[in-house]
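Participant: Submitted below is the structure of interest, expressed as structure tokens.
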Amino acid sequence: MDRSTPIKLIATSYQMDAMLQPVPTETTRTVFAAIQSISRAEFLAAGQLGLTPTWEITMYAPDYEGEQIVAFTPPGSVTEERFSVYRTYNGRNEELELYLQQEAGTK
């Protein structure tokens, strides 16, 4: 599988400011992955749970450290978009599949 598309994995941590309020801080790492459309079966199964799946990403499993936000330029688009991970699947040969949806809080 061709894993030549750069994607950004974004981890969010929280730091306390002077008023002791949590302030989000994002850490970004770039890795390479294959991007493909969601299958019909995945779309239906996720839709029954109230999710709106958009993309499936296949990447090298050791590159993933539990990040919940992924940013990349989807095929056919010219702007980078952010997606949230709603499910992961460990495949064969150290492959990991990330299933993504677009949420209001990830933009």
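The values are calculated or read from the model by the stated rules, or taken from the named source; none is laboratory data. Everything numeric in this text was worked out from a predicted model, so none of it was measured. Here the Cβ positions follow ideal geometry from the backbone for every residue, glycine too, while neighbour counts run over all protein chains shown. These accessible areas exclude ligands, DNA and RNA; they are computed on the full protein's heavy atoms, side chains included. Shrake-Rupley method; radii C 1.70, N 1.55, O 1.52, S 1.80 Å.
Participant: What is the residue count in the stretch 8-31 for residues that are among the acidic types (Asp, Glu) and either closer than 21 Å to residue 66 by Cβ or open to solvent by 80 Å² or more (accessible area, probe 1.4 Å) (or both)? Let's see the steps before the verdict.
Facilitator: Quick first cut of the stretch 8-31, residues among the acidic types (Asp, Glu) only: 17, 26.
If we keep only those that are either closer than 21 Å to residue 66 by Cβ or open to solvent by 80 Å² or more (accessible area, probe 1.4 Å) (or both) as well, we get 26.
Residues in the stretch 8-31 being among the acidic types (Asp, Glu) and either closer than 21 Å to residue 66 by Cβ or open to solvent by 80 Å² or more (accessible area, probe 1.4 Å) (or both): 1 in total.
Participant: Could you pull out every one of the strands (runs of 3 or more DSSP E) wholly within the stretch 4-85 that has 2 or more residues that are β-branched (Val, Ile, Thr) and closer than 15 Å to residue 103 by Cβ? It would help to see each step written out before you state the result.
Facilitator: On the way: elements: 5-16, 22-37, 53-60, 69-72.
Strands (runs of 3 or more DSSP E) meeting the threshold: 5-16, 69-72.
Participant: Which residue out of 61, 71 is more than 9 Å from the chain's Cα centre (by Cα), modelled with pLDDT of 90 or more and small (Gly, Ala, Ser)? Give the derivation first.
Facilitator: On the way: 71 fails: more than 9 Å from the chain's Cα centre (by Cα).
Sole residue among the options that is more than 9 Å from the chain's Cα centre (by Cα), modelled with pLDDT of 90 or more and small (Gly, Ala, Ser): 61.
Participant: Just the residues that are of a type in the set (D, E, K, R) and open to solvent by 40 Å² or more (accessible area, probe 1.4 Å), please, taken from the stretch 32-48. Break it down into steps so the answer makes sense when it comes.
Facilitator: Just the residues of the stretch 32-48 that are of a type in the set (D, E, K, R), to begin with: 40, 42.
The one that is of a type in the set (D, E, K, R) and open to solvent by 40 Å² or more (accessible area, probe 1.4 Å): 40.
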